[in-house]
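Engineer: Dropping a structure here in structure tokens format, bear with me for questions.
The values are calculated or read from the model by the stated rules, or taken from the named source; none is laboratory data. Quick caveat: nothing in here was measured; it's all calculated off a predicted structure. Please note: Cβ atoms are built from the backbone with ideal geometry, for glycine as well, and neighbour counts cover all protein chains shown. For the accessible areas, the whole protein counts, side chains as well, though only heavy atoms, and no ligand, DNA or RNA atoms are used. Shrake-Rupley method; radii C 1.70, N 1.55, O 1.52, S 1.80 Å.
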Amino acid sequence: MDNKIKNIESTVIDLLSILKRYNNGQISYQIAQLEDILNIIKSNSNNEIKENRINTLVEGLYPIRGGLTDFYVWKDDAKERVMINKPISELNDKLWNLVKTDVV
């Protein structure tokens, strides 16, 4: 497995752990898509096929409206809200950049 796919895998694992904890029922589809990405990574397909399939799934996670970019956890305490949402945003950006650029 190459570095790019390993980085995608670790990013998806980290993102899933947070999203599952705060899923309010609105992101069940996105969680399933992220789990599909992990299944693709673990498959016996070659890296090119894996990257193509992952690319398609990631595009579906971040449509123009909705998707993971619009997911936000609300907490009355502002510090807690930032503490939860900042890593989600950072992991979303990291996943997008890993998939959409050739940078490893």
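Engineer: Calculated from DSSP H runs of 4 or more alone, at -39500 (n - 2.57) each and per residue, what is the 222 nm mean residue ellipticity of the chain, nearest 500? Could you put the intermediate results ahead of the total?
Structural biologist: Details: 4 runs with 73 residues, N = 104.
That calculation yields -24000 deg cm²/dmol at 222 nm.
Engineer: While we're on this one: What figure in square angstrom, to the nearest 10, would you give for the accessible area of Tyr72 with a 1.4 Å probe?
Structural biologist: 120 Å²
Engineer: Something else about it: What's the carbon and sulfur percent of the chain's accessible surface, probe 1.4 angstrom, rounded to a whole number? Numbers along the way, then the final one.
Structural biologist: On the way: 3080 of 6410 Å².
The value for the chain is 48 percent carbon and sulfur by accessible area.
Engineer: Roughly how many debye, to the nearest 20, is the charge dipole of the chain about its Cα centre, given +1 on each Lys and Arg Cβ, -1 on each Asp and Glu Cβ, and no other charges?
Structural biologist: Using only the charged Cβ atoms, the result is roughly 140 debye.
Engineer: Reported to two decimal places, what Rg/Rh ratio describes region 56-104 when computed on Cα atoms with Rh from the Kirkwood expression?
Structural biologist: Values: Rg = 12.6 Å, Rh = 11.9 Å.
Expressed as Rg/Rh, it is 1.06.
Engineer: Ok, one more. Add +1 for every Lys or Arg and -1 for every Asp or Glu among the other residues with Cβ under 11 Å from the Cβ of Asp14, and state the total.
Structural biologist: Local charge sum for Asp14: -1.
Engineer: Once the mean 1/r over all distinct Cα pairs of region 6-64 is inverted, what Kirkwood radius in angstroms do you read off?
Structural biologist: After inverting the mean inverse Cα-Cα distance, the result is 11.9 Å.
Engineer: From the C-alpha gyration tensor of the chain, pull out the three semi-axes of the equivalent ellipsoid (sqrt of 5λ each), sorted largest to smallest, in whole Å.
Structural biologist: After diagonalising the Cα gyration tensor, the semi-axes are 25, 13, 12 Å.
Engineer: Among the lysines in the chain, how many pairs, 8 or more places apart or on different chains, have alpha carbons under 19 Å apart?
Structural biologist: The result is 16.
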